[in-house]
Amino acid sequence: MPAFAHNAANVYRQTEAQSRTPLELVVMLYEGALRFSILARAAIERKDIPARREAVSRALAIMSELQSTLDMEKGGAIAASLDGLYSYVVGRLVDAAARQDVQPVDEAMRVLTTLRDAWMEIARPKVEGATRAGR
């Protein structure tokens with residue numbers, strides 16, 4: 001990709017992220033972790049170690065970001081549960097990379113998909129309820 005196109009893509013992503021709500025940003029992080037997990041899985045299948053390393057590294061960086069945003073004091077049991085799930089996903093991704101095995105990636109993706117879907121529901125504007133209340 002030419003440098004100008006790479007810079008334009010970065011500016012677009014930055015603008016997109018800045019225009020999102022905090023909940024939408026969490027969903028975006030899950031989607032990124034899933035995207036890189038899918039890439040890692042494909043790289044494992046074709047035995048492409050450099051691509052696997054890059055994809056797992058990117059997915060792990062996203063998981064680290066998700067964990068670092070947890071407020072354990074205010075979040076209580078929910079934050080603790082999320083931290084445990086994030087640690088599980090990290091462990092599965094590391095295991096997949098170490099063993100060159102897609103099964104741990106599949107397990108990580110199941111957890112990430114469930115979490116992403118739940119956060120998407122939370123982030124969804126509650127227009128239907130507001131519309132009904134206004135009638």
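For ILE78 and ALA51 in the same chain, what is the full-extension length gain: residue separation times 0.36 nm, less their Cα-Cα distance, in nm?
On the way: separation 27, 0.36 × 27 = 9.72 nm, distance 3.41 nm.
Extra length available between ILE78 and ALA51 comes to 6.3 nm.
Region 42-76: which trypsin sites (Lys or Arg not before Pro) are DSSP loop and have at most 11 other beta-carbon atoms within 10 angstrom? Kindly include the intermediate steps, with their values, before the conclusion.
Working: sites: ARG46, LYS47, ARG52, ARG53, ARG58, LYS74; in loops: ARG46, LYS47.
Hits after loop and neighbour filter: ARG46, LYS47.
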Charge tally in the Cβ shell below 13 Å around ALA80, where Lys, Arg are +1 and Asp, Glu are -1, ALA80 excluded
-2
Which FRET efficiency value, to the nearest 0.05, do you get for ARG20 and ARG99 by plugging their Cβ-Cβ distance into 1/(1 + (r/R0)^6) with R0 = 30 Å?
0.25
What are the ³J(HN,Hα) values, in whole Hz, obtained from phi via the Karplus relation 6.51 cos²θ - 1.76 cosθ + 1.60 with θ = phi - 60°, for each residue of region 76-90 in sequence order, with x given for Gly and Pro?
x, 5, 5, 4, 5, 5, 4, 4, x, 5, 5, 5, 4, 4, 4
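Values in this text are rule-based calculations from the coordinates and carry no lab data. Values in this document were obtained by computation on a predicted structure and should not be read as measured data. Neighbour counts run over all protein chains shown; Cβ positions are idealised from the backbone, glycine included.
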